[in-house]
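To keep things clear, I will list the structure first and then write my remarks on it.
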Amino acid sequence: LGKFAKLIRLILTNSSKKFISLAEEMEFLNLYLELERVRFANHFSCSVNVAEDINKDDVFLPPMILQLYIENAIIHGLSQKMEGGILSLDFYLEKNSLICTIEDNGIGRKADAEQKIFNKENSHEPVGMKNTNDRIEAINKAETKHIYYELKDLEDENGTGIGTRIILHFPQ
């Protein structure tokens, strides 16, 4: 309960800021991931890697963007996988941008969409991604350097979904 209260305080604090340091984002994400793993009874494992050349106090990004992509990976991919779920977050610098790769080995977006067709009572209106995309668009209009992301469905040799990879670029 104390960790959940701290997470709520971090959400309130961070959401009032235009940008936060990677150190602040990491504190938030590590706590969020810890609570999600408890929620899902350690159904998946996490790895978070930050390149050694990054000073987490000198690199900045908008708050509350990465969390939604991570939440989607957990809810729509990993929570539906029977066992061996893995979520990885990797941060590195490239050409004056902070790059964050979020990858899961969940069921994939296609299988998730197919399940929703047959399970309408548990579906919900997907407003989170729309809100995040609108927010990125608003930030891009206000800033000279633009945030962008790439989304890739991961498939095996038979075309079966084996996860999702999102690569986000935050100019510095």
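What pairs from 110/145; 110/141; 6/141; 6/145; 56/145 go past 28 Å between their alpha carbons?
Values: 110/145 32 Å; 110/141 32 Å; 6/141 32 Å; 6/145 32 Å; 56/145 20 Å.
Violating the 28 Å Cα-Cα cut-off are 110/145; 110/141; 6/141; 6/145.
Place a +1 charge on the Cβ of each Lys and Arg in segment 1-88 and a -1 charge on the Cβ of each Asp and Glu, then give the dipole magnitude about the Cα centre in debye, rounded to the nearest 20. Don't jump to the answer; show the numbers that get you there.
Numbers: 9 positive and 11 negative charges, 88 e Å.
So the magnitude is around 420 debye.
Around the Cα centre of the chain, unit charges on the Cβ atoms of Lys, Arg, Asp and Glu (plus for the first two, minus for the last two) sum to a dipole of about 640 debye. The residues of the chain expose, per residue, 59 Å² of accessible area to a 1.4 Å probe. Ligands, DNA and RNA left out, the 1.4 Å accessible surface of the chain is 53% carbon and sulfur atoms.
Measuring nothing but alpha carbons in the chain and taking Rh as the Kirkwood radius, the Rg to Rh ratio lands at 0.96. All other residues whose Cβ lies under 13 angstrom from that of residue 147 are scored, Lys and Arg at +1 and Asp and Glu at -1, for a net of 0.
To the nearest ten degrees, helix 22-39 and the longest principal axis of the Cα atoms of the chain are 20 degrees apart.
Counting only aspartates and glutamates at least 8 places from residue 152 when in the same chain, those with an alpha carbon closer than 15 Å to its own are 103, 104, 112.
Rounded to the nearest 10 degrees, the angle from helix 127-142 to the longest Cα principal axis of the chain is 30 degrees.
Based on the mean of other Cβ atoms within 10 Å per residue, sort peptides 98-110, 56-68, 34-46 so the most packed one is first. Kindly include the intermediate steps, with their values, before the conclusion.
On the way: 98-110: 20.5, 56-68: 17.5, 34-46: 14.3.
Packing proxy ranking, top to bottom: 98-110, 56-68, 34-46.
Hey, what did the chain get for relative contact order, percent, Cα under 8 Å, at least 6 apart? Show your work: numbers first, answer last.
Numbers: 263 pairs, mean separation 36.0, N = 172.
In percent, rounded to a whole number, it is 21.
Inter-part distance, segment 76-91 to segment 18-70, computed on C-alpha centroids, equals 15 Å. Projected label points at residue 83 and residue 146, each 7 Å from Cα along the beta carbon direction, are separated by 4.6 nanometres.
Under the rule of -39500 (n - 2.57) per DSSP H run of 4 or more residues, summed and divided by the residues of the chain, what mean residue ellipticity at 222 nm is obtained, to the nearest 500 deg cm²/dmol? Let's see the in-between values first.
Numbers: 5 runs with 65 residues, N = 172.
Per the formula, -12000 deg cm²/dmol.
With a cut-off of at most 12 other beta carbons within 10 Å, and DSSP calling the residue loop, which trypsin sites (Lys or Arg not before Pro) in segment 130-172 qualify? Please list them. Present the calculation step by step, with values, prior to reporting the outcome.
Working: sites: 130, 135, 141, 145, 152, 165; in loops: 145.
Passing sites in segment 130-172 are 145.
The values are calculated or read from the model by the stated rules, or taken from the named source; none is laboratory data. What you are looking at is a predicted structure, and each value in this text was computed from that prediction instead of being measured. Neighbour counts are summed over all protein chains in view; Cβ atoms, including those assigned to glycine, are modelled from backbone coordinates with ideal geometry. Just so you know, the surface numbers come from the protein's heavy atoms only, side chains and all, with ligands and any DNA or RNA stripped out. Shrake-Rupley method; radii C 1.70, N 1.55, O 1.52, S 1.80 Å.
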